Every structure is written in C-alpha cells, then in structure tokens.
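Only the coordinates and a few stated rules stand behind these numbers; no lab work does. Predicted, not measured: the structure shown is a model, and the values here were computed from it. With ideal geometry, Cβ positions are generated from the backbone for all residues, glycine too; neighbour counts draw on all protein chains shown.
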Amino acid sequence: MSEFFSMGGYGFYVWGSYLVALVLMAGEVVTVLKRRKSLR
Amino acid sequence: MNFYKYASPAAFYPLAGKLIPWFAIPAAILFAVGLYVGFFVAPTDFQQGDAYRIMFIHVPAAWMGMLLYVLMAAYAGIGWAFNARLASMMASAIALTGAMFTFLSLVTGSLWGKPTWGIWWVWDARMTSTLILLFLYAGFISLQAAIDDPRRADRAAAVLALVGVINVPIIYFSVQWWNTLHQGATIRIMGKPSIAAPMLAALLIMLAACWLYSIAVVLTRLRRIIEEREQNASLFARSTV
C-alpha cells in the first residue's frame, strides 16, 4: 500500500498533480454553482 | 423541428438545464474509470517510472486548453459576424474553463518536468507558447469585464480571441519546429501511438471525462450568464420605455 503511495519515489509530483487538478476543478464547480445564489 | 429557436438565449436556457446532468454524471464516472485504469491497470514506464502517470491529467488538460480556445474563438467570431448574442455568451462561458485547463497543464507540466528534466520551468517554445495561451484567455476575460456595454465587450473580445488563434498551431507544432526539452506527440493523427494500450486507454478515457466535465461546467456557466444579461436587458427595457 505504501508502495502505491510512494509512486516509486515520485509520489510528491504524481499526487501533487492530481491534487492541483482536484482543487481547480472542484473550485470551478463550486464557484459556478455559487454564482447563481449571489444573484438572487 | 426548428432548431434555430435555440439560438435565442431564453429558449436555450431550459434546454441547457436539461442537458447538464447528461454530461456531469458520465464525466464523474469516466474520471473514476480513467484514474482506475491509469493507476491500477497501466504498467510502470521503463524509462520514467511512475512519474509518467502525471500524463493522464497533463495531456488532457493541455488538449482542452487548446481545443477550448479554438471553440471560444469560433463562438466569439460567430457572435460578432452574425450578431448572435447566445454565441458570444457561449464564448464567455468557455473562457474560464479553458484558462483553468491551460493553467492546470502548466502546473502539472512543471511537476512532471522537475523529476524528469531536473527543472521546474524552461523558456522553450512549447511552454512559452502555452503561457501565452493563458495570457490570451486572461486578456479575453479582462477585456470583456472592462467594457460596460456587453455587446461592445463581446466584439472587442472577439477580435482578441480571433487574432490569438494563431497561437494554437504554434503550440501544437512547437515540438517539431524548435529544439525543445518537451517530448513529442503521444498520439499522432497518422500512424501508431507511441505508448502501450492500457496507457492509451487511460489517456483517452481521461480526455473524454475532461470534455464531458467542460460541457457540463460551460453550460452551467452559460445559464448564469443568460440570467445576468437577460435580467439586465429586461430591467433596461422597463426603465426606458
């Protein structure tokens, strides 16, 4: 299991990439859904 | 059936609402499948080890950044040439998602470059032209925000978007035209792809997921833009008549 998370020593770069992707996409979805509420 | 009626923002608004779940739900499923194939089925690369797995988000993000720019410029151009409000609104709705994917491709590229090239960033042709793409998106968004009259803002932003299209083939062919650290195309239009089948499968599934995600988010944002603009229009009509 820890072998999987270490990604052959590249864990920081691999998981970092997917974390940034998750934050950006989730952030975009939340922002676009919130935009509706602020209007009313 | 008359499809032209959907060129009107008021008619398209409910249609877009109905379409969104049909893209959002498959997007979530394909992201899950793509990540599963990418992390559990695709083998470790013999040259790059597991660092290559960044590819499954980096390459789709880079493609979406370029494709969405072309789509945004096309809609902006149609909105300008045919005075079609909905097309201009679509261009504005695309801009932020395209900028997000371009930014994501730069960040993931940096995170991939550090372990494989030993450097976070180099001013080579591909990275520089991708950074210019991000600036073009930023220019489009801020130009539109800077002009009060929405239709004038649409026209000004359309000019910028259309001029900027020239940058997209420059990004695409940059790895062939100039010497660069960046590796060549993974999937070629002609000829065989340069990677193993499960890697290719994961890449294509992630690309499909990014497309579906983009459509769902852009349609949602388009509905917000229609609400804002059409509300202003009705208020304006009431105050002047």
Quick calc: nm separation of the 7 Å Cα→Cβ label points for residue B:5 and residue B:186 -> 4.4
In this structure, the FRET efficiency calculated for residue B:147 and residue A:35 from their beta-carbon separation, with R0 = 22 Å, to the nearest 0.05, is 0.65
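So for B:205, B:147, fewest C-beta neighbours within 10 Å to most, what's the order?
Arranged by neighbour count, lowest to highest, B:205, B:147 become B:147, B:205.
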To the nearest 20 debye, the range B:85-180 has a Cα-centred charge dipole, built from +1 on Lys and Arg Cβ and -1 on Asp and Glu Cβ, of 80
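Quickly estimate the mean residue ellipticity at 222 nm for chain B, helices only: each DSSP H run with n ≥ 4 gives -39500 (n - 2.57), and the total goes over all residues, rounded to 500.
-26500 deg cm²/dmol
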When B:142, A:17, A:6 are ranked with the fewest other C-beta atoms within 10 Å first, the list becomes B:142, A:6, A:17
Note, residue B:145: beta-carbon cut-off 15 Å, +1 each Lys/Arg, -1 each Asp/Glu, net +3
To the nearest 10 degrees, the tilt of helix B:125-146 (Cα long axis) against the first principal axis of the alpha carbons of chain B is 20
The residues B:154, B:149, B:124, sorted from fewest to most surrounding Cβ atoms within 10 Å, come out as B:149, B:124, B:154
Computed over chain B: longest principal axis from alpha-carbon atoms vs helix B:55-81 long axis, angle to nearest 10 degrees, is 30
As a Kirkwood estimate from alpha-carbon pairs, the range B:1-91 has a hydrodynamic radius in angstrom of 16.4
Taking Cα atoms only, helix B:167-177 is inclined relative to the longest principal axis of chain B by an angle, in degrees rounded to 10, of 10
In units of 2.2 N^0.38 Å, the Cα radius of gyration of chain B is 1.13
So, with points 7 Å from each Cα along the Cβ direction, the residue A:2-residue B:177 label distance in nm works out to 5.0
